Amino acid sequence: MNFKELGINEEIIKVLKKSGITTPTQIQQESIQFVRSGRDVIAEAQTGTGKTLAFLLPIFENLWGKTDTVQALILTPTRELAIQITEQANKLKEAKDINILAAYGGKDIDGQLRKLKGNIHLIIATPGRLLDHIKRKAVDLSKLKTFVLDEADQMLLMGFKNEVESIMKETSKKRQILCFSATMDSQVKKLAYRYMKDPVVVSVKKSQEITLDNIKQEVVETTDRNKQDALCKVLDEDNPFMSIIFCRTKRRADDLEEALHKRGYNCEKLHGDLIQSKREKVMKAFRNAEIQYLIATDVAARGLDVTGVGHIYNYDIPENAEGYIHRIGRTGRAGEEGYTCLFIDPKNKRDLEEIERAIKYKIPRRSL
């Protein structure tokens, strides 16, 4: 199936071709027509499956630029994700004259308020900042046609349930709701079904099946004291083109970045305590392959979809098997080979066994 058969117009197809996108992914094939027809949709899809375009393309088809009302709202849990969705939406603007506002914390609120005085058709926002605009009466969602909850599971995990419900109350009862989530747990379902009308449920293969086939996985057994040396040995042996190193906390990411800088590695950290302009600068530099090693926490890297990441290093073990799958799914994309290395100390043995049970695979040990 191609984009034309999904009802996407020629101008948008031309814009997609410029970015090298010619064939719709599974989630796009299965959800675009439902979204276009106005149905409520619950879609379960991991990062890296093309889910952003699965809702952006039909929204662009349905948006009408000759009105001064907000027609579509995309709500997302993190600034990084809001930035990424906005970048994709701005590319599609070439094909259709639509006014877009990105509303997230850390960005100049007065600039956003000025922009809101114009006619905005599509808002891409994080919950806190959007509620701020609603309280200031700067945003009117009463004529909203489509409401997208992106990364709904993460939204609830980060404690945004009340904010989401407050925003929902500001919208028209007739609006279409699209709920996209990496996991469809009971909390997400509860939230979705409370507000949705007879939703279509779309689910694509889990990332275990998508990614683990072409990712070589290894474990390095070390101690917390020797972990830094072990990591540096591995980095020197592998010398990857681009890689992400995952740390458990912001503090761990800070310490590791400082240590690697001292040793001469080309690295930058990415976490929630950095000021917004710095985060954007780091993400842009990493996308442009100017940074070899991105040292990130899970929340900061959520939704960070960068092509060309060949290696993932788990400096700290993730909280659970799902976290492991989510992290390593950032490599081995689109049929490319990927590599991932997990560093564990003796106290992580049980966590590792849980991960191995979940992925039904005994991860080989790497000797240094």
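The values are calculated or read from the model by the stated rules, or taken from the named source; none is laboratory data. Keep in mind it's a predicted model, so treat the numbers as computed, not measured. Cβ: placed from backbone, ideal geometry, glycine included. Neighbour counts: every protein chain shown. For the accessible areas, the whole protein counts, side chains as well, though only heavy atoms, and no ligand, DNA or RNA atoms are used. Shrake-Rupley method; radii C 1.70, N 1.55, O 1.52, S 1.80 Å.
So the values come out like this:
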| item | result |
| --- | --- |
| Single condition Ile134 does not satisfy, out of (1) open to solvent by 10 Å² or more (accessible area, probe 1.4 Å); (2) closer than 25 Å to Leu53 by Cα | (2) |
| Given (1) under 18 Å from Phe343 (Cβ atoms); (2) open to solvent by 60 Å² or more (accessible area, probe 1.4 Å), number of the condition Gly264 does not satisfy | (1) |
| Every residue from the stretch 128-184 that is charged (D, E, K, R), over 16 Å from Arg194 (Cα atoms), free of Cβ contacts under 8 Å to residues at least 12 places away in the same chain and outside any helix (DSSP H, G or I) | Lys137 |
| Subset tally (residues that are among the aliphatic types (A, V, I, L, M) and touching a residue at least 60 places away in the same chain (Cβ under 8 Å)) for the stretch 66-107 | 10 |
| Test: residue in the stretch 14-24 that is assigned to a helix (DSSP H, G or I) and touching a Leu at 6+ places or on another chain (Cβ under 9 Å) | yes |
| Residue match in the stretch 216-233 (condition: in contact with a helix residue (DSSP H, G or I) (Cβ under 6 Å, 6 or more places away or on another chain) and under 22 Å from Glu322 (Cα atoms)) | yes |
| Residue within the stretch 194-208 that is among the aromatic types (Phe, Trp, Tyr), crowded, with 17+ Cβ neighbours inside 10 Å and not in a helix (DSSP H, G or I) present | no |
| Selection from the stretch 42-82 of residues that are within 21 Å of Asn2 (Cα to Cα), of a type in the set (A, V, I, L, M) and either in contact with a Pro (Cβ under 6 Å, 6 or more places away or on another chain) or assigned to a helix (DSSP H, G or I) (or both) | Leu53, Ala54, Leu56, Leu57, Ile59 |
| Boolean, Ala103 is farther than 24 Å from Ser31 by Cβ, under 23 Å from the mean Cα position of the chain (by Cα) and buried (at least 16 other Cβ atoms within 10 Å of the Cβ) | yes |
| Complete set of residues in the stretch 3-34 that are farther than 20 Å from Lys91 by Cα and either open to solvent by less than 20 Å² (accessible area, probe 1.4 Å) or free of Cβ contacts under 8 Å to residues at least 24 places away in the same chain (or both) | Glu5, Ile27, Ser31 |
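Every residue, every condition in (1) of a type in the set (Ser, Thr, Tyr); (2) open to solvent by less than 30 Å² (accessible area, probe 1.4 Å); (3) under 21 Å from Ser203 (Cβ atoms); (4) in the same structural domain as Leu149 (by the TED database), yes or no:
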{"residue": "Val41", "(1), (2), (3), (4)": "no, yes, yes, yes"}
{"residue": "Gln46", "(1), (2), (3), (4)": "no, yes, yes, yes"}
{"residue": "Lys51", "(1), (2), (3), (4)": "no, yes, yes, yes"}
{"residue": "Ala72", "(1), (2), (3), (4)": "no, yes, no, yes"}
{"residue": "Thr76", "(1), (2), (3), (4)": "yes, yes, yes, yes"}
